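Data first, discussion second: the structure below is written as structure tokens.
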Amino acid sequence: MGVEAAGFFEHMDSFLDYRKNIYGASDQTLKSNRIDLNLFERFIGNQHFQTIDGPATMAFQYHLKEDRDNCGGSINRKIFTLKSYSHFLRLMDVPQADHLPFYDVLKVRQGYRNRPNALTKYQIKSLLQTIDRNTILGIRDYAVYALMYQTGLRVGEVYSLDLDSVDLENQKLSVIGKGNKLRQLHLTQEICQVLSEYLAVRHFFHKSEDTTALFISKKGNRLAIRTMEDNIKKLLKKAKLNTHFNVTCHTLRHSFASHLNDNNVDILVIQSLLGHSSPRSTEPYIHPSMEKIREAMEKLPGLIYMKQLIKEGVVKLKFQNSRSKRE
């Protein structure tokens, strides 16, 4: 048993409104919820399922895994959206909502998570130096990516910044993070100068006076997340960093946290700066850099002792002589 497919999707707008006004879900979360529900709706329609039941849900999981090649975390998130929606339908006393199968679905194993990769300080410098600051767009882009690195902001948080988010006089930045949580960050003198340069040319953008957005596009709209992601890809091609991992805007956030950790900043401070609700969310961000790992290895007692023996001439090392070739 389950809910008839025709009536299952009728309450999506009410669900999203409920999530926004009662639980304070962010616009990005609501957007993801709608995408997940629309995806499920298209699948049910294309496969001609008449009822939302166990077989339909399992078929959807197979579709996500085999046809869309979704990872475990992505599949779990979509199922969680459906669980939340089914709970809402139960509260709405939708007939047969108690028989929806989503709560019986087990989480998909995600495997071992790779720690986020970070750029070195030299790579960050090289990346920013590729931006042409003699153009208006270059001044804007430099401010965008320098701000991401200097404050560890998510790309969505940069997107949401307004003019009144910045207080240059008091060197403060007000940020609305996940769950609409407000946090205030300190702005260094350096980033204040970068933002001042951008604000001095902001009025040259088309219809800049019609929007409160801090960063705006050539057409006068709020600078889109997609545009920021696309622009950093162009910069990466110019910078030729040759990293072994994919670099995105979020990599700047990882780098921010990693460099703070290298400077022995307390994890609770890093947690607060990143806007995490728990230190567990911060831990993956603060893996040590290769420089720190090398420094730690150099301090191993056995390594120090061996170096001392070599220095004093007690141990003399040489490469093994190559064997003579057989005649």
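Annotations
- Filtered by the rule that a residue be surrounded by 18 or more Cβ atoms within 10 Å (Cβ to Cβ) and either outside any loop (DSSP other than H, G, I, E, B) or among the hydroxyl-bearing types (Ser, Thr, Tyr) (or both), the range 196-210 gives 198, 202.
- The residues of the range 146-174 that are surrounded by fewer than 19 Cβ atoms within 10 Å (Cβ to Cβ), over 16 Å from residue 222 (Cα atoms) and aliphatic (A, V, I, L, M) amount to a single one, 168.
- Summed over the range 175-190, residues that are surrounded by 12 or more Cβ atoms within 10 Å (Cβ to Cβ), of a type in the set (A, V, I, L, M) and within 19 Å of residue 156 (Cβ to Cβ) total 3.
- A residue that is of a type in the set (D, E, K, R), closer than 30 Å to residue 242 by Cα and not assigned by TED's automatic domain parsing to the domain that holds residue 181 cannot be found anywhere in the range 75-94.
- Qualifying residue in the range 254-261 (condition: more than 16 Å from residue 148 (Cα to Cα) and modelled with pLDDT under 90): yes
- All of (1) charged (D, E, K, R); (2) surrounded by fewer than 18 Cβ atoms within 10 Å (Cβ to Cβ); (3) touching a residue at least 60 places away in the same chain (Cβ under 8 Å); (4) under 28 Å from residue 224 (Cα atoms) hold for residue 19 with one exception: (2).
The values are calculated or read from the model by the stated rules, or taken from the named source; none is laboratory data. All values derive from a computational prediction rather than experimental measurement. Glycine also receives a Cβ, built like all others from the backbone with ideal geometry; neighbour counts cover every protein chain displayed.
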